[in-house]
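Here the structure is laid out as structure tokens; the discussion comes afterwards.
The values are calculated or read from the model by the stated rules, or taken from the named source; none is laboratory data. Everything numeric here is computed off the predicted structure, so don't read it as measured data. Because the Cβ atoms are built from the backbone with ideal geometry, glycine has one as well, and the counts that use them run over all protein chains shown. The area values use the complete protein model at the heavy-atom level, side chains included, leaving out ligands, DNA and RNA. Shrake-Rupley method; radii C 1.70, N 1.55, O 1.52, S 1.80 Å.
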Amino acid sequence: MTGTDTDIRGLAALRPRLPSPLREVADGRFERHGVRLLLKRDDLIHPELVGNKWRKLAPNLDVSDGRTVVTFGGAYSNHLRATAAAGRLLGLPTVGVVRGQELADLPLNPSLARCAADGMRLHFVDRSTYRRKTLQETLAALLRAVEAEDAVVVPEGGSNARAVRGCRALGEELGEHADVAALACGTGGTLAGLAAGLPRGRRALGIPVLKGGFLADDIRRLQERAFGGQRGTWSVDDRFHHGGYARTTPGLDAFADDFEQRHGLAVERVYVAKLLYALLALTEEGAFPRGTTLAAVVTGRPFP
């Protein structure tokens with residue numbers, strides 16, 4: 001996999017489309033401000049391991065050596081679905097630790113049903129335990145509970161040092177094509193790697209999809225673990241979460257519907273819609289000088 005520190009022979013057999021396509025879209029709303037908009041179509045990397053999920057999972061799965069992969073997520077986690085699909089495709093056992101013990105007695109929603117159909121064992125935990133999942137004692141107890149004490153543990157959202165180094169390839173692929181490379185962020189791992197891979201003079205912009213204003217500190221910590229310190233030029237803008245993770249507003253829905261009609265692109269609502277909405281709002285605020293080329297990273301497709 002070009003641009004990473006790992007040799008991912010097993011995943012290469014799945015024929016990822018790398019580098020992912022980079023396409024310009026003609027949109028008068030940007031053009032009237034002298035801004036070009038490019039779409040970095042990471043959603044086309046692989047039909048089942050789409051977008052930044054490929055870039056973050058590949059380095060972690062490469063070290064699994066056939067062991068069970070244990071990871072974490074909420075009831076609608078894209079990361080859980082991608083991990084389950086990878087397990088099926090590569091013949092790796094997977095376990096998803098799901099936030100919300102109350103869900104154990106309910107029918108599986110479409111997202112978790114897809115995980116189960118791909119062979120992932122689901123283990124539901126109460127929200128208090130889930131918040132403590134990174135503590136050594138809690139994690140050890142969870143691994144015992146799922147009978148996978150020697151598992152490869154991948155954190156929520158897939159963001160760890162290996163994943164960040166894997167996402168550096170995204171910045172390298174964009175190279176000199178864009179002045180600003182932007183993406184929607186959950187745990188921050190993709191932005192941390194993207195910024196490190198961009199050449200000098202280019203910058204990365206993150207649009208958090210969760211409330212809280214905590215992401216900048218998380219990104220700094222991820223870069224410290226991956227590279228020993230901060231890399232690249234990056235920033236986050238916390239104004240466009242539209243109420244929090246998986247939340248939407250009538251204005252966001254209307255914007256996404258309109259973008260789909262203008263450009264023939266199905267817009268994923270949890271991440272991609274918020275990114276594109278933010279880029280247009282920032283453009284109209286004059287945040288980008290005339291002559292700026294923006295690259296919006298399309299990290300996923302709508303589900304189901």
Exercise. Of all the residues that make up segment 205-242, how many are hydrophobic (A, V, I, L, M, F, W, C) and on the phi > 0 side of the Ramachandran plot?
Worked result: 0
Exercise. Considering only segment 267-302, how many residues are outside any loop (DSSP other than H, G, I, E, B) and among the polar types (S, T, N, Q)?
Worked result: 2
Exercise. Do we have any residue at all in segment 220-237 that's farther than 27 Å from G291 by Cα and either of a type in the set (S, T, N, Q) or at pLDDT below 95 (or both)?
Worked result: yes
For this session: Would you point out which residue out of V154, V125, V146 is modelled with pLDDT of 95 or more, within 21 Å of the chain's Cα centre (by Cα) and aliphatic (A, V, I, L, M)?
Result: V154
Exercise. Of all the residues that make up segment 94-122, how many are of a type in the set (A, V, I, L, M, F, W, C) and open to solvent by 30 Å² or more (accessible area, probe 1.4 Å)?
Worked result: 8
Problem set entry | Extreme residue, least open to solvent (accessible area, probe 1.4 Å), among residues of segment 123-142 that are part of a loop (DSSP other than H, G, I, E, B) and not hydroxyl-bearing (S, T, Y) | K133
For this session: Note down all Cβ pairs under 6 Å where the first residue falls in segment 161-177 and is farther than 14 Å from F227 by Cβ and in contact (Cβ under 8 Å) with a residue 60 or more places away in the chain, the second is aliphatic (A, V, I, L, M) and in a helix (DSSP H, G or I), and they're at least six residues apart or on different chains.
Result: L170/L194
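Each row is one residue, and each column tells you yes or no for (1) touching a Phe, Trp or Tyr at 6+ places or on another chain (Cβ under 6 Å); (2) in contact (Cβ under 8 Å) with a residue 12 or more places away in the chain; (3) farther than 20 Å from L276 by Cβ; (4) surrounded by fewer than 20 Cβ atoms within 10 Å (Cβ to Cβ).
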| residue | (1), (2), (3), (4) |
| --- | --- |
| L194 | no, yes, no, no |
| G197 | no, yes, yes, no |
| L210 | yes, yes, no, yes |
| R221 | no, no, yes, yes |
| D237 | no, yes, no, yes |
Problem set entry | The lone exception for I207 - which of (1) β-branched (V, I, T); (2) at pLDDT 95 or above; (3) part of a loop (DSSP other than H, G, I, E, B) it fails | (3)
Exercise. G251 fails exactly one of the following numbered conditions: (1) outside any loop (DSSP other than H, G, I, E, B); (2) out of contact with any Lys or Arg (no Cβ under 6 Å at 6 or more places or on another chain); (3) small (G, A, S); (4) surrounded by 14 or more Cβ atoms within 10 Å (Cβ to Cβ). What is the number of that condition?
Worked result: (4)
Problem set entry | Single match in A182, A163, A151, A145 (criterion: of a type in the set (G, A, S) and open to solvent by 20 Å² or more (accessible area, probe 1.4 Å)) | A145
Exercise. With respect to A216, is the statement that it is buried (at least 24 other Cβ atoms within 10 Å of the Cβ), in a helix (DSSP H, G or I) and of a type in the set (A, V, I, L, M, F, W, C) true?
Worked result: no
